[in-house]
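All remarks here apply to the structure that follows.
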Amino acid sequence: MSKNLTVCINSKNYGNALMVRTHTKNKDKAYECEECNMYYKDKTIAQNCEKWCKEHKSCNSNISRYEIKW
Ligand SMILES: [Zn+2]
C-alpha cells in the first residue's frame with residue numbers, strides 16, 4: 001500500500017468542484033448531490049449526478065433513477 005498513491009487518487013477525484021455531501025444514519029451511508037439534493041447509495045453516481053446537474057441545469061433520468069429515499 002502506497003500512501004503517495006492514495007493522496008494522488010484523492011486529489012484527482014475529490015480535489016475539484018464535486019462537493020457531494022456524505023450523510024450517515026445509523027450504519028447507512030448516502031451521498032447527496034448538492035445541486036438537486038437527491039440521495040444516492042453510490043458516491044460515484046452522486047458525483048455523476050452533480051456533474052450533470054452543474055453542466056446541464058437539469059436532471060438525467062439515467063442517473064436519477066438510482067435515487068434513494070433518505
Ligand atoms: Zn443532481
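Some points to look at:
- Within the range 25-70, the residues that satisfy the criterion of being surrounded by fewer than 16 Cβ atoms within 10 Å (Cβ to Cβ) and outside any loop (DSSP other than H, G, I, E, B) are 25, 28, 29, 44, 54, 55, 56, 61, 62, 68.
- If you go through the range 19-37 and keep only what is among the aliphatic types (A, V, I, L, M) and within 11 Å of the ligand (Cβ to nearest atom), you end up with just 20.
- Complete set of residues in the range 41-62 that are touching a strand residue (DSSP E or B) at 6+ places or on another chain (Cβ under 8 Å) and within 9 Å of the ligand (Cβ to nearest atom): 46, 49
- One residue stands out in the range 55-70 among those that are among the charged types (D, E, K, R) and over 14 Å from the mean Cα position of the chain (by Cα): the one that is nearest to residue 45 (Cα to Cα), namely 65.
Throughout, read-outs are computed from the coordinates displayed, never taken from laboratory work. Quick caveat: nothing in here was measured; it's all calculated off a predicted structure. For neighbour counting, all protein chains shown are included, and Cβ atoms are generated from backbone atoms with ideal geometry for every residue, glycine included.
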